[in-house]
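Written below as structure tokens is the structure these notes are about.
The values are calculated or read from the model by the stated rules, or taken from the named source; none is laboratory data. Source: prediction; values computed, not measured. In this analysis, Cβ positions are derived from the backbone assuming ideal geometry, glycine residues included, and neighbour counts consider all displayed protein chains. Ligands, DNA and RNA are excluded from the accessible area calculation, which covers all protein heavy atoms including side chains. Shrake-Rupley method; radii C 1.70, N 1.55, O 1.52, S 1.80 Å.
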Amino acid sequence: MKRRIFLATSAGAVLSVLSRPVAAVAQSSVLTTLVNEYAAGGVVREGRVKFDIARLVDNGNSVPIEVTVDSPMTRQQHVVGIKIFNEKNPQNDVAQFTLSPQSGRARVATRIRLAATQQLVAVAKMNDGSCWTHTVEVLVTIASCVEE
């Protein structure tokens, strides 16, 4: 009987972690400061950015990510940059990409290292100066890039 209770409790805990709504993630103060610095006085809003990353990562040494921004990528309206920040790695700047209308679409993909369970934010800067964000929380079971 104890084994069944343990399995049911474990399954419930995993499901609760994986089914948490993305909108429920409140951005940490570290990330808010970094996003505001990158925006350089521009308006920062939630939306238009889709941060695709696994919510539960077994190993933080190589984590695939993809960021897509809803933009027509025309001369009149396009993404000029995408920047990714993390909360707890030794360096908070994960990656920065420069785009133009010639990019064709606002989509970038890479692999990153994660030191521990933490929040990540992707910020897309538009040619009109506005910025759009998406914040996610990632659970890391085996940490990476830890400085001693």
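Here are a few things to note about the model shown:
- Failed item, numbered, when Thr68 is tested on (1) over 18 Å from Val44 (Cα atoms); (2) modelled with pLDDT of 95 or more; (3) hydroxyl-bearing (Ser, Thr, Tyr): (1)
- If only residues of the stretch 113-148 that are in contact with a Cys (Cβ under 6 Å, 6 or more places away or on another chain) and among the hydrophobic types (A, V, I, L, M, F, W, C) are counted, the one that is surrounded by the fewest Cβ atoms within 10 Å (Cβ to Cβ) is Ala115.
- Check on Thr110, under 17 Å from the mean Cα position of the chain (by Cα), surrounded by fewer than 17 Cβ atoms within 10 Å (Cβ to Cβ) and at pLDDT below 95: no
- Just one of the numbered conditions (1) more than 21 Å from Leu34 (Cα to Cα); (2) at pLDDT 95 or above; (3) among the hydroxyl-bearing types (Ser, Thr, Tyr) is not true of Ser103: (2).
- Tally, over the stretch 29-47, of residues that are more than 14 Å from Val136 (Cβ to Cβ) and either open to solvent by 70 Å² or more (accessible area, probe 1.4 Å) or without any contact (Cβ under 8 Å) to a residue 60 or more places away in the chain (or both): 9
- Summed over the stretch 93-107, the residues that are over 12 Å from the mean Cα position of the chain (by Cα), open to solvent by less than 60 Å² (accessible area, probe 1.4 Å) and of a type outside the set (Ser, Thr, Tyr) give a count of 5.
- Residue within the stretch 82-95 that is farther than 19 Å from Leu34 by Cα and at pLDDT 95 or above present: no
- Any hit, the stretch 19-26, residues being at pLDDT 90 or above, under 22 Å from Leu139 (Cα atoms) and touching a strand residue (DSSP E or B) at 6+ places or on another chain (Cβ under 7 Å): no
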